[in-house]
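Notes for the one structure printed next.
The values are calculated or read from the model by the stated rules, or taken from the named source; none is laboratory data. Since this is a predicted model, take the numbers as computed values, not measurements. Quick reminder, even Gly has a Cβ in these numbers, built from the backbone with ideal geometry, and neighbours come from all protein chains shown.
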Amino acid sequence: MISPPRFWTSSTIAHPLDFPVRDMDSWLKIKHWYEYSEERFAPGWAEAARRARDEGTLIVCGMPGGFDTPRQLMGEAATCMAYYDQPELIHDILDTVGETAERVLDRVSREVQVDQISVHEDLAGKSGSLVGPRQIEAFTKFPPRQKPAAFNLDAVMRQLEEATSSKSH
């Protein structure tokens, strides 16, 4: 168990005492929670989203960041060390989360016009980046079948342009 630093006397955010992932074995035990599944979509989700959009609601799709997700699973220090000590673990986490995000965003954007895509990433602070340029380069290579971070952004942008041009006529 990781103990909080002694200088923490109070905080406005929760600080975990432990993290679920330490190595590949512990990751594999929870990996299924991060894999794509049709069960992620509640019955009637697309109709509800279209109805909300017709009523003026902004449709926002969110996706996790490539550093933030491993950090939530492992903690900041362990994640930074894993880039060197357990690169296969970081690759597997990123591949899994990336594929899930891509498939979810692809499915959503085929059903509902998306107004905004929000990516949560938090790999730097006031003191600078927690990950160096070599790690960013090594861990953001996408397989040829994937478009880096675009997911279905081209299709989303086409939908936005079509909707805008059809309303102006």
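Overview of results
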quantity	calculated
Failed criterion for Pro20 (all others in (1) touching a Lys or Arg at 6+ places or on another chain (Cβ under 9 Å); (2) within 17 Å of Leu130 (Cα to Cα); (3) not in a helix (DSSP H, G or I) hold)	(2)
Given (1) at pLDDT 85 or above; (2) touching a helix residue (DSSP H, G or I) at 6+ places or on another chain (Cβ under 9 Å), number of the condition Gly132 does not satisfy	(1)
Residue selected from region 52-69 under the condition part of a helix (DSSP H, G or I) and acidic (Asp, Glu), by the criterion surrounded by the most Cβ atoms within 10 Å (Cβ to Cβ)	Asp68
